[in-house]
Amino acid sequence: MPDTTRHVTMNPPDDNNAIALCNSADLVERGEAVPFDVVYCGRTSRGFAIRFDNRVYAYLNQCSHVPMEMDYQPNRFFDSSGSWLMCATHGAMYRAETGHCIGGPCRGGLIKIALTERDGVVHWHTGPNLQPLEF
Ligand code: FES
């Protein structure tokens, strides 16, 4: 299957563009996501971070079918099996570890946001089209 994930950062994440997101314990295996605000391509958007198979991942909260948020209840993205990320609107399904579409009306994959986890803290990483929300 071709890689349809739209990666935001082209280089491996480094500490210079790391923004603290949450404590590691806040991301429960296949549990609720931790949401965060970002500016993606100049627009205020939301991202979400999850833990799957004891690794952390984050994506823009935007379905590839229609650009709308995907959670069926706040911060809930996993389907009932806990295996896939699912869009609540029309049921597009995505692979948790890559964001690749695996079923439903997707038009490509999710937009991946780089995360790192170290010393009990999870950080997300900015990129050319991905910046923190300024207050
Ligand atoms: S908007 Fe997500 S499946 Fe249609």
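Things to note:
- Inter-residue pairs, beta-carbon under 7 Å, first farther than 14 Å from MET68 by Cβ and in segment 82-93, second near the ligand (Cβ under 9 Å from one of its atoms) and part of a loop (DSSP other than H, G, I, E, B), 6+ apart: MET93/GLY104
- For segment 18-37, the set of residues classified as part of a strand (DSSP E or B) and of a type in the set (Val, Ile, Thr) consists of ILE19, VAL34, listed by residue number.
- Residue in segment 108-121 that is modelled with the lowest pLDDT, counting only those that are over 9 Å from the mean Cα position of the chain (by Cα) and within 16 Å of the ligand (Cβ to nearest atom): GLY108
- Residues in segment 93-107 that are surrounded by fewer than 18 Cβ atoms within 10 Å (Cβ to Cβ) and at pLDDT below 95: ARG107 alone.
- Residue satisfying all of: in segment 84-107; out of contact with any Lys or Arg (no Cβ under 9 Å at 6 or more places or on another chain) and hydroxyl-bearing (Ser, Thr, Tyr); farthest from the ligand (Cβ to nearest atom) among these: TYR94
- Sub-9 Å Cβ pairs linking a first residue in segment 56-75 that is near the ligand (Cβ under 7 Å from one of its atoms) to a second residue that is among the aromatic types (Phe, Trp, Tyr), at least 6 apart or interchain, are CYS63/TYR94; MET70/PHE48; MET70/TYR59; MET70/PHE77; MET70/TYR94, ordered by first then second residue.
- Restricting segment 113-135 to residues that are part of a loop (DSSP other than H, G, I, E, B) and aliphatic (A, V, I, L, M), the residue that is surrounded by the fewest Cβ atoms within 10 Å (Cβ to Cβ) is LEU133.
The values are calculated or read from the model by the stated rules, or taken from the named source; none is laboratory data. Please read these numbers as outputs of a predicted model, since none were measured by experiment. Please note: Cβ atoms are built from the backbone with ideal geometry, for glycine as well, and neighbour counts cover all protein chains shown.
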